[in-house]
Amino acid sequence: MTELTTDADVEVGREVLTFPPDFLWGAATAAFQIEGSTTADGRGASIWDTFAATPGKVLAGDTGDPACDHYNRYQSDVDLMKSLGLAAYRFSIAWPRIQPSGSGKVEERGLAFYDRLVDSLLEKDIQPLATLYHWDLPQVLEDFGGWRNRDTAYRFAEYAAIVHERLGDRVQAWTTLNEPWVSAFLGYGNGIHAPGVTDAVASLEAAHHLLLAHGLATQALRAQAPESHRLSIVLNFSTVWGDDAEAVRKVDGLQNRILLDPVLGRGYPLDVLQDTTWLGDWTNVVRDGDMETIATPVDWIGVNYYNPTRVAPTADPDFVTAGPHAGLRGVEIQPGQGELTGFGWEQNADAFTELLVRLSQHVDGIPLVVTENGSAFPDVVDPAGRVNDVQRTKYLLDHVRAVHRAISEGADVRGYLAWSLLDNFEWAAGYSQRFGIVHVDFETQQRTIKESAVALSRIIGQNGLPAHGYTV
Ligand code: FCB
């Protein structure tokens, strides 16, 4: 059982790490991963419905139904969040529920669902953080080229305005896109995510149009709420480690800087364009004014971090990387070291501190919010009905301490949202990877609070945690 830190700990000299008073604590989810009810209330198909229905794309043929049946159980899930003391909840809105055909006609029943969700969060004093796009593009838009088609960016801005118009009186914190890097390079590059396209040029078109969509939507939201100071984009980052500075620079460029720098107004990083075998063609999709639109100021940047990336130069200088870092010459991605998560990802909290400190400097004072951080392990509910997820609890504590360390080293980090509130549909891995701090039995929809959730709850309660050990 996770041990509670009490005032007595402080009295006996147990060192306690305290966070800034207004630090935001919570957990995150995404629509397609938890909602289920994929055809309810007029929802249109998304690219993930199509992808999951295609044999061989998602492990074990898993689909988005019923997922966590959150569409029907949102009220009790909000109660659960309250019982854990969450102060914030990051969720995403399913575009195909709002505009089933990707543009034009608005489905009132879809909007009404998020209306109810937001109201119940506010009733419980839980701050809603809404993400407008977490990968579930309406299939109809994909039929016209999806993110390869520039028009999709304009459709996204219209959709963003519709949702903001409806919820903006109650939701202050908005994220345009979650991890456009993954949408572009895994969705259109190596094809392991929907829509499953494998085409380097398509992936760079997608990346540019996603960023354009972000810029246009940020402008649309800002126009509706000029006073807003909570507009953001969420990007995925990894600390790149290796003995060879050139190898590190190359992978860091393609992993971390390629989409961040344009958002910061610095354009696409030239070294990355030169490093890769295919990015040079980018100029074909960039039109006059695009880079200014993409650089529309954001108020904070969401950081999704899971693990470091280790790299090394290859003996053969002409070796070209495949996979998500495709097209880099003379470097290779190496396996993670030390303890790995159930998903095979390296667990390394020092890398997290390093990332946050460096990133905070790189973004020149824009505040950071940790919008996702977590780990997957094959949890089981024990005969006493408990889930003692020791490894996830350790990961959580180590990484929360890493955030504290980063703040004390000068990083401007304003919040920490654990991924994820619930075990859920983990994209191409289906239901095989459990990231939740709450266990979900997908047969019965029974929720069981894991020890990691108890730990997070206590961290939130005391706005801090002991400096050492794996109990709080
Ligand atoms: C991130 C995604 C999130 C989840 C975690 C494990 O890349 O944003 O939906 O799948 O990884």
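The values are calculated or read from the model by the stated rules, or taken from the named source; none is laboratory data. Please read all numbers here as calculations on a predicted model, not as lab measurements. Here Cβ is always computed from backbone atoms with ideal geometry, including for glycine, and neighbour counts include all displayed protein chains. The accessibility values were calculated without ligands, DNA or RNA, using every heavy atom of the protein model including side chains. Shrake-Rupley method; radii C 1.70, N 1.55, O 1.52, S 1.80 Å.
Let's see how each residue does on (1) more than 26 Å from the chain's Cα centre (by Cα); (2) within 19 Å of D243 (Cβ to Cβ):
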| site | (1), (2) |
| --- | --- |
| T277 | yes, no |
| I294 | no, no |
| P297 | no, no |
| D316 | yes, yes |
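In the stretch 331-344, the qualifying residues are those that are within 16 Å of the ligand (Cβ to nearest atom) and part of a loop (DSSP other than H, G, I, E, B), and the one that is most open to solvent (accessible area, probe 1.4 Å) is F343. Restricting attention to the stretch 445-468, and to residues there that are among the polar types (S, T, N, Q) and closer than 29 Å to N72 by Cβ, which single residue is most open to solvent (accessible area, probe 1.4 Å)? In this case the residue turns out to be Q446.
Condition (residue is hydroxyl-bearing (S, T, Y), within 30 Å of F91 (Cα to Cα) and more than 19 Å from the chain's Cα centre (by Cα)) applied to the stretch 237-248: is it met by at least one residue?
No, because not a single residue in the stretch 237-248 is hydroxyl-bearing (S, T, Y), within 30 Å of F91 (Cα to Cα) and more than 19 Å from the chain's Cα centre (by Cα).
Return the residue satisfying two criteria in turn: it lies in the stretch 172-183 and is crowded, with 23+ Cβ neighbours inside 10 Å and more than 13 Å from the ligand (Cβ to nearest atom), and of such residues it is nearest to I258 (Cα to Cα). Going through the qualifying residues, I end up with T176.
The set of residues from the stretch 345-397 being away from the ligand (no atom under 16 Å from the Cβ) and open to solvent by 70 Å² or more (accessible area, probe 1.4 Å) comprises D350, E354, R358, Q361, D364, V380, P383, A384, R386, N388, V390. Which one of these does R434 not meet: (1) more than 16 Å from the ligand (Cβ to nearest atom); (2) under 17 Å from A28 (Cα atoms); (3) open to solvent by 10 Å² or more (accessible area, probe 1.4 Å)? The single condition R434 does not satisfy is (1). Contact annotation: residue pairs with Cβ atoms under 9 Å, 6 or more positions apart or on different chains, pairing a residue in the stretch 247-264 that is of a type in the set (D, E, K, R) with a partner that is in a helix (DSSP H, G or I) and open to solvent by 10 Å² or more (accessible area, probe 1.4 Å), are R249/D271; R249/D275; K250/D271; K250/D275; K250/H325; R257/D271; R257/H362; D261/H362.
Between L417, L421, the distinction of being within 25 Å of A60 (Cβ to Cβ), touching a strand residue (DSSP E or B) at 6+ places or on another chain (Cβ under 6 Å) and within 15 Å of the ligand (Cβ to nearest atom) belongs to L421 only. Of the helices (runs of 4 or more DSSP H) lying entirely inside the stretch 79-191, those containing at least 2 residues that are farther than 26 Å from T63 by Cα and acidic (D, E) are 108-123, 151-167.
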